[in-house]
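The values are calculated or read from the model by the stated rules, or taken from the named source; none is laboratory data. Everything numeric in this text was worked out from a predicted model, so none of it was measured. Note that we place each Cβ from the backbone using ideal geometry, even for glycine, and neighbour counts take in every protein chain shown.
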Amino acid sequence: MLFFGISKSDNPNLYVLGIAWDGSSTFRRGSSEAPRVIREATTDKLYNSFTEDLIDLREVWRYRDLGDVTGVTFNNIVDDVSRVVSNYYRGEIFLFLGGDHSVTYASVKALKSASNSDFALIYFDAHPDLYPQYDGDRYSHACTVRRLVEEDFVRGDNVVEIGIRAPTREQIDFAREAGITIVTTSEVHRNPHVKLSFSKAYISIDLDVLDPAFAPGVGNPEPGGLSVRELIDVIKSLNLEVVGFDIVEFIPKYDCKGITAFTASKIIREILGFMARTKTR
């Protein structure tokens, strides 16, 4: 069984949707192949259903896998993700498996519309993704957060970017103007407890937030990153309701011995455990 032995259900409280898109990748390409590999890495042949904090995910979650969204253009992706989410969302949690980081634009937009509610964005990444455009593409994975802010899907002062270590002056200037909080990798090393000013958020995890030693199979590897332990500890320190989350920028063909795939699986398991803990408070 996949997803740590959690039961499949026609009445789920967790939906899984793959977004097989890497059309805006700027260096390595191939993250469109990731959703299948991440699913396989959640097998209960390797992982039991218990988190580090002894939360049994089988007691909390029931899931339905909606397959993968594919498309020829990014507009196709955005439209199809919105259609799927609007067809199924009734307050359940969505886990999105990317795909490059541009897919977060599609998932946040879709959830915002389907839920008709406001929520913040916690964005784990080595890069701020705040360019106005990149190589002429305004919806590049290097522009994701800027598009979401400028198009009013999330307020700048409700965005926290964690693990940043490859910024540019232009992007940091925009972050300051928009009220975006930047938490650098060095700051996380010193203190993994991130203070938040909001209580409800979407979590997006670009696996390049991790040092390439822990996640070699990513689109834009940036040495000097977080360890898996640090990332999990930051997530556990958060005090908020999670409305949905994604794992992006995994490229299987650049992985080594499944390291990145199993890291993605571990992160998913601990986030589901964190969310289960907050659901029972």
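What to note about this one:
- The single residue among 114, 120 that is among the small types (Gly, Ala, Ser), surrounded by fewer than 24 Cβ atoms within 10 Å (Cβ to Cβ), modelled with pLDDT of 95 or more and more than 23 Å from residue 75 (Cα to Cα) turns out to be 120.
- Counting only strands (runs of 3 or more DSSP E) that sit completely within segment 142-258, those holding 3 or more residues that are of a type outside the set (S, T, N, Q) and crowded, with 20+ Cβ neighbours inside 10 Å correspond to 159-164, 200-206, 241-248.
- Extreme residue, nearest to the chain's Cα centre (by Cα), among residues of segment 26-68 that are in a loop (DSSP other than H, G, I, E, B), modelled with pLDDT of 95 or more and β-branched (Val, Ile, Thr): 42
- Among the residues listed as 175, 213, 166, 201, the single one being in contact with a His (Cβ under 8 Å, 6 or more places away or on another chain) and small (Gly, Ala, Ser): 166
- Number of the exception - residue 150 against (1) touching a Gly at 6+ places or on another chain (Cβ under 8 Å); (2) without any contact (Cβ under 8 Å) to a residue 40 or more places away in the chain: (1)
- Long-range neighbours under 7 Å by Cβ, at least six apart or interchain, first residue over 13 Å from residue 161 (Cβ atoms) within segment 183-197, second in a helix (DSSP H, G or I) and not β-branched (Val, Ile, Thr): 192/230; 192/233; 192/237; 193/237
- Check on residue 117, over 11 Å from residue 202 (Cα atoms), hydroxyl-bearing (Ser, Thr, Tyr) and in a loop (DSSP other than H, G, I, E, B): yes
- Given (1) of a type outside the set (Val, Ile, Thr); (2) more than 22 Å from residue 68 (Cβ to Cβ); (3) within 12 Å of the chain's Cα centre (by Cα); (4) not in a strand (DSSP E or B), index of the condition residue 264 fails: (2)
- Among the residues of this structure, residue 32 counts as one that is within 14 Å of residue 251 (Cα to Cα) and crowded, with 20+ Cβ neighbours inside 10 Å.
- Subset tally (residues that are free of Cβ contacts under 8 Å to residues at least 60 places away in the same chain and over 21 Å from residue 276 (Cα atoms)) for segment 1-54: 2
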